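Here's the structure, in structure tokens; my notes come after.
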Amino acid sequence: MTIPLEGSPPDPEIVNLVPVNPAVEQRLSGAYGRILRVAIALSVAGTLVAALVFTWQSGLGLAIGSLLAYVNFVWLHRGTERLVERIIAANTKTAEGETKPRNVRFAFPFPLRYALLIAVAYVILKSYPRLLIGFIVGLILPILAAMGEGIYEALVISKIDQASH
């Protein structure tokens, strides 16, 4: 087996080793949308529960944390898509002899996500300490949605595999 050169097409023998089941592909293609919907549902439910069971400050902190985490998740997804597109475009351009694009403008937004998160957490910690616990819990909700999606995907794949055998 030879290692393909950069920019060359992948070896068809390697690509065809794992056949793609259309039923699995169709189910799993909507993962990003499902994660967003579950994150919103968890945020709304969590905010209501925190406000009703604990205090309105807890509900507000959870709402702020979940909103910030949701925006952060969307930015991460878009940034990752752009990164993949740039890698593909850069490999195509270098294979054709063109120069690679600069990375300064592309790399700038990634640290801004964390700077925004740190700034909001600092303001809450210094000015509104009663919001802090709800804020931290709100930051976790998109992670819980993504973990739920992973479990869902594992169950769907196992169910489709069992049905095909």
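A few notes on this one:
- Residue that is nearest to GLY30 (Cα to Cα), among those in region 145-165 that are surrounded by 14 or more Cβ atoms within 10 Å (Cβ to Cβ) and at pLDDT 90 or above: GLU149
- Output for region 115-139, where each listed residue is surrounded by fewer than 16 Cβ atoms within 10 Å (Cβ to Cβ) and aliphatic (A, V, I, L, M): ALA115, LEU116, ILE118, ALA119, VAL123, LEU125, ILE136
- Among (1) at pLDDT below 70; (2) within 23 Å of TYR152 (Cβ to Cβ), the one test that GLU96 misses: (2)
- Region 111-142, residues that are touching a residue at least 60 places away in the same chain (Cβ under 8 Å) and within 16 Å of the chain's Cα centre (by Cα): GLY138, LEU139, ILE140, LEU141, PRO142
- Failed item, numbered, when PRO129 is tested on (1) closer than 24 Å to VAL38 by Cα; (2) out of contact with any Phe, Trp or Tyr (no Cβ under 9 Å at 6 or more places or on another chain): (1)
- Pick from region 112-144, criterion part of a helix (DSSP H, G or I) and hydroxyl-bearing (Ser, Thr, Tyr), ranking: modelled with the lowest pLDDT: TYR114
- Condition check for ALA69: modelled with pLDDT of 80 or more and surrounded by 13 or more Cβ atoms within 10 Å (Cβ to Cβ): yes
The values are calculated or read from the model by the stated rules, or taken from the named source; none is laboratory data. Predicted model, so just to flag it, every value in this text is computed and none were measured. In this analysis, Cβ positions are derived from the backbone assuming ideal geometry, glycine residues included, and neighbour counts consider all displayed protein chains.
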